[in-house]
Number of protein chains: 2
Amino acid sequence: MIAVNCKTEVEKWGVFEISLPGPQAGNPFTEQHCCGKFIGKNEVVETDGFYDGVGIYKFRFMPSFEGEYSFVLSGSFLEGEVAGNFIVKPASTENHGPVRVNGFHFAYEDGTPYFSVGTTCYVWTHQPEAIQKKTLEELAKGYFNKIRFCVFPKHYIHNFNEPISYPYEGTPCEINKDISTEYSELMKIQPGNKWDFERFNPKHFSHFENCIEKLCQLGIEADIIVMHPYDRWGFSQMSKEQDDLYWRYVIARFSAYRNVWWSLANEYDIFPKKTLEDWERYASILCEKDKYNHLRSIHNCIPFYDYARPWITHCSIQRQDVYKCAELTDEYRERYQKPVVLDEIAYEGNIDQGWGNISGKELVRRFWEATVRGGYAGHGETYIHPQDVLWWSHGGELHGDSPTRIKFLHDEVLAKIPGYGLKRVQRNWDESAATVEGMNAGNYYLIYYGFMRPSFRTLYFDDISSYQVELIDTWDMTIQDLGVFSGKFDVKMPGKEYMTLRITKV
Amino acid sequence: MIAVNCKTEVEKWGVFEISLPGPQAGNPFTEQHCCGKFIGKNEVVETDGFYDGVGIYKFRFMPSFEGEYSFVLSGSFLEGEVAGNFIVKPASTENHGPVRVNGFHFAYEDGTPYFSVGTTCYVWTHQPEAIQKKTLEELAKGYFNKIRFCVFPKHYIHNFNEPISYPYEGTPCEINKDISTEYSELMKIQPGNKWDFERFNPKHFSHFENCIEKLCQLGIEADIIVMHPYDRWGFSQMSKEQDDLYWRYVIARFSAYRNVWWSLANEYDIFPKKTLEDWERYASILCEKDKYNHLRSIHNCIPFYDYARPWITHCSIQRQDVYKCAELTDEYRERYQKPVVLDEIAYEGNIDQGWGNISGKELVRRFWEATVRGGYAGHGETYIHPQDVLWWSHGGELHGDSPTRIKFLHDEVLAKIPGYGLKRVQRNWDESAATVEGMNAGNYYLIYYGFMRPSFRTLYFDDISSYQVELIDTWDMTIQDLGVFSGKFDVKMPGKEYMTLRITKV
């Protein structure tokens, strides 16, 4: 009889985990395989187990229903099956389940709308513990409810330090002090790497999972970038078989966490050796192996991936034009018929690079332009820092003006709309107007003026209804009740930039 | 013998004018015709004379060469010809002749480059004298070297007052106190107008000429909008014959002024009753009757006129996209192969309309984005005013932040380039870089960063040359010498918006 190491209770959408001892000899990652079958009244889920090192094999499962479950584990190293039972309790208050697509928007599985306000800290989990702690403290302030970050370490400007761990057994190249910062050099594998791409370093992954969990506790979705091209070690240029092994391992480990989103790649289009066939193959592995259908997308450098592909749940866009991106959100919705997330629209900061040196005001303007077109923008921060700790890559401290305004947008505006999402309405050319999706369309408007500075506006909706009009200063974060109006009416405005009118039928 | 009323001397590119008495009976505008032939060593020019009221007929001529000239006048009311002589002296210091096209740019006829920095005061000449005086005082400050304005009065929001004179004999409709400000109503002829569209009011035109002259003394080009659609009196909806009569009258009167540019229309595309054939017919009259080939264009509301038409000398563009226009300047150059003038890219102000409520900063940014792409932007100002005197329409006082920055751009940057114009160079995606046209290309760069805020930039031109680098703060209007550099080098920048690097090979 094998000792089964597991709890007897888990909450709905929690992680139910079982550990079993098994062989350490040979290469357990490639020579052993195991899987778990989890049986409840409403679902039967089969997932791959994985080797976690030091002779331990783990099986994870995220139940989607309450009640009694049983499990049956099998594996190449088991003689016969291992079985057991557990109870799934109701979800705790803050647990709304994984995020799902809801038309052009998102909602948690329990139906609670989810309005994405994301940020990017590409390799925050790979930084020294003090910086990770600081990152989590900043994230705990509730500015963001999604964060993009990478499994693999990153070799990039402002980011040549060693990660705290590597995903494989082996030793890294030595970093050349005079390493080139030329863009074209950032994807070149350096000499001196010694990796066994068939032997994972489980500590790297368990730490990563720990970070996913901490994010989950903060109510933040983990938008995991599984592959990326900025790499001196060779993780972006493994063989097809090694890639597939990695994908299966990652899925087996991470997919039971309810806050996981899959980003197949950052800047898929600039990998030196990957083809569209590769991306499609990874997607097929993901669709097969992730039994929970976490959200899936892939992020561009220049050409968009074809977001119409059936496996893609939402667009994850990097702007293609210096001057116009958030303003195209509604066109992207129309083109792809999916939620539009603009994960990179330039970051607040002052570095030399144009993708990382816009003002907080300009970034917040882009958030609003995306919002009123029924999409979701993303934050990042790239201020020059004496110790080269930039939020966009390392996490650490936030220094910018935009996070509080983004939180204001989310908490005071998006979270209070009478519906599950916004969509653009065509009213006048010189405003960006939204109403809500669904039944309340026409009972509620947000009209954003961006860099336009009207001292008043003349409004008309219909002859019979009354409308409460509020003036939202999206930068100063004030909301002023202007009164109730009907018919054709003028509202006074302050002649300043970044104003929104919120109009609610009463 | 008829008494010839004229001077015996005129300067090159000045107006030589002769007055003759003639019949007042009947309709001198339609029943009489007259013309002058002006003969110098290098040119023979035949122009139409015109009836100036009270029995006076006038003939005007702009000589393009120095030396002795003779003239011969003929007319339906003259028995035989009237002849005489005059001397053309050298142009005075400030007189460089009419502006001509020079590739994608402009130059005065004497070869002096002309860098257009225009403004718009649609009906400044129709305002009470005190306002006109104020307008000229503001213009005398040298912010602008071109101004767009209309021959006909304008019926538009903020602009329902009566003009000081009308172009025709007759009486206007009474203005309804409750006149609609709906856009669609602004082109409706109101009841009660009584005009004789075959009898001009010469005072209206002589006053207008007086204004053209005053602009000329200030070194400002008069970009005359000959027709426009915002009209309660019927001037925009005359018959074909009446239109042609008007065009011939306007050309006969105005074309001898060297600072005249012809804008066939403001917003040609929204006239209720004009067709493309009409515009082409006016253009053919203009090409035939204006013997000096003043610059010719036509301004859109939404669709551009086909600026590739041979009679069009330059583009006169109203932006088509709320978010992007100046940034398309180089595309427009490529498309039309002519100078690009962006006459309407939203005005600095705070009125309710989106075309008139951007900040000075945003307007100046657009000027620079156009400039470094080898084009020319235009100014306008629309601040709410207690007496409803808005620069864009009436002239008066300027209140905005942009004019001094526009003057800075012209005087300290454009006027000092080592060449006759700028053109875009493709360097990096995150900057807008220009070099000069012609022989000095590559010896001089302007690199504009717009809303990007780099703290430094790494530059490289070649391995062997040295470059002087200056930092231009386009908003604070400072120019700082950063030193001389060569090879690949970093320049420190302030991490602020609206910076330009000026780079000169030494």
Looking at the stretch B:236-265 only, could you name the residues that are closer than 21 Å to B:V123 by Cβ, surrounded by fewer than 22 Cβ atoms within 10 Å (Cβ to Cβ) and among the aliphatic types (A, V, I, L, M)? B:M238
What pairs can you find where one residue is in the stretch B:351-363 and more than 9 Å from chain A (Cβ to nearest Cβ), the other is in a helix (DSSP H, G or I) and among the acidic types (D, E), and their Cβ atoms are less than 6 Å apart, with a gap of 6+ or different chains? none
More than 14 Å from chain B (Cβ to nearest Cβ) and either part of a loop (DSSP other than H, G, I, E, B) or in contact with a Ser or Thr (Cβ under 7 Å, 6 or more places away or on another chain) (or both): does that describe A:W368? no
Pick from the stretch B:288-305 the residues that are more than 19 Å from the chain's Cα centre (by Cα) and in a loop (DSSP other than H, G, I, E, B): which of them is farthest from B:R365 (Cα to Cα)? B:P303
Taking the stretch B:292-327 and the residues there that are more than 18 Å from B:F104 (Cα to Cα) and basic (K, R), the one that is surrounded by the fewest Cβ atoms within 10 Å (Cβ to Cβ) would be B:K324
Scan (1) in contact with a Lys or Arg (Cβ under 6 Å, 6 or more places away or on another chain); (2) more than 30 Å from A:I406 (Cβ to Cβ) for the single condition A:Y122 breaks and write down its number. (2)
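Yes/no per residue for (1) touching a helix residue (DSSP H, G or I) at 6+ places or on another chain (Cβ under 9 Å); (2) outside any loop (DSSP other than H, G, I, E, B); (3) under 23 Å from B:R199 (Cβ atoms):
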| residue | (1), (2), (3) |
| --- | --- |
| B:T47 | yes, yes, yes |
| B:F59 | yes, yes, yes |
| B:S64 | no, no, no |
| B:F77 | yes, no, yes |
| B:N95 | yes, no, no |
Candidate set from the stretch B:400-442 (those that are small (G, A, S) and over 30 Å from B:K141 (Cβ atoms)); member that is nearest to the other protein chains (Cβ to nearest Cβ): B:A433
Show the residue pairs that are 6+ apart or on different chains and have beta-carbon atoms under 9 Å apart, the first residue being within the stretch A:120-142 and at positive phi, the second being among the basic types (K, R). A:G142/A:K407
One residue from A:N266, A:N259 being among the polar types (S, T, N, Q), closer than 21 Å to A:D48 by Cβ and in the same structural domain as A:P163 (by TED's automatic domain parsing): A:N259
Residue under question is A:D321, and the condition is that it be outside any helix (DSSP H, G or I) and within 14 Å of chain B (Cβ to nearest Cβ); does it hold? yes
Out of curiosity, is B:D290 of a type in the set (D, E), under 30 Å from A:D430 (Cβ atoms) and either within 14 Å of chain A (Cβ to nearest Cβ) or touching a strand residue (DSSP E or B) at 6+ places or on another chain (Cβ under 9 Å) (or both)? no
Give the residues of the stretch B:241-263 that are more than 18 Å from B:H33 (Cβ to Cβ) and out of contact with any strand residue (DSSP E or B) (no Cβ under 6 Å at 6 or more places or on another chain), sorted by residue number. B:Y257, B:R258
Name, by its number, the condition in (1) assigned to a helix (DSSP H, G or I); (2) buried (at least 23 other Cβ atoms within 10 Å of the Cβ) that does not hold for B:A283. (2)
B:G375 versus (1) within 14 Å of chain A (Cβ to nearest Cβ); (2) more than 29 Å from B:K133 (Cβ to Cβ): which is the lone unmet condition? (1)
Return the pairs, sorted by first residue and then second, in which the second residue is aromatic (F, W, Y) and in a loop (DSSP other than H, G, I, E, B), the first residue lies in the stretch B:483-506 and is away from chain A (no Cβ under 14 Å) and crowded, with 19+ Cβ neighbours inside 10 Å, the beta carbons are less than 8 Å apart, and the residues are 6+ apart or on different chains. B:T500/B:Y449; B:I503/B:F461
Of all residues in the stretch B:457-482 being in contact (Cβ under 8 Å) with a residue 40 or more places away in the chain and more than 30 Å from B:S359 (Cα to Cα), the one that is nearest to the other protein chains (Cβ to nearest Cβ): B:L459
Which listed residue, of B:G53, B:G36, B:G26, is assigned to a strand (DSSP E or B) and not charged (D, E, K, R): B:G36
Tally the residues that are in contact with a Pro (Cβ under 7 Å, 6 or more places away or on another chain) and among the hydroxyl-bearing types (S, T, Y), restricting the search to the stretch B:109-164. 1
Examine the stretch B:160-173 for a residue that is farther than 29 Å from B:K188 by Cα, among the charged types (D, E, K, R) and not in a loop (DSSP other than H, G, I, E, B), and state whether such a residue exists. no
Flagged in the stretch B:73-125 as hydrophobic (A, V, I, L, M, F, W, C), closer than 17 Å to B:Q217 by Cβ and out of contact with any Ser or Thr (no Cβ under 7 Å at 6 or more places or on another chain), in numbering order, are B:A91, B:V99
Of B:E68, B:E94, B:E79, B:E46, the only residue that is among the acidic types (D, E), surrounded by fewer than 16 Cβ atoms within 10 Å (Cβ to Cβ), in contact (Cβ under 8 Å) with a residue 60 or more places away in the chain and farther than 16 Å from B:V15 by Cβ is B:E46
Those residues of the stretch A:328-341 which are touching a Phe, Trp or Tyr at 6+ places or on another chain (Cβ under 7 Å) and buried (at least 24 other Cβ atoms within 10 Å of the Cβ), in sequence order: A:P339, A:V340, A:V341
Please enumerate the residues belonging to the stretch B:178-235 that are surrounded by 15 or more Cβ atoms within 10 Å (Cβ to Cβ), polar (S, T, N, Q) and over 27 Å from the mean Cα position of the chain (by Cα). B:Q190, B:N193
Pairs where the first residue, in the stretch A:443-456, is within 7 Å of chain B (Cβ to nearest Cβ) and the second is basic (K, R) and crowded, with 23+ Cβ neighbours inside 10 Å, C-beta under 9 Å, 6+ apart: A:F451/A:R365
Based on this model, can you work out whether A:E109 counts as out of contact with any helix residue (DSSP H, G or I) (no Cβ under 9 Å at 6 or more places or on another chain), touching a residue at least 60 places away in the same chain (Cβ under 8 Å) and surrounded by fewer than 19 Cβ atoms within 10 Å (Cβ to Cβ)? yes
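The values are calculated or read from the model by the stated rules, or taken from the named source; none is laboratory data. No experiment lies behind these values; they were computed from the predicted model shown. All Cβ positions, glycine included, derive from the backbone under ideal geometry; neighbour counts span all protein chains shown.
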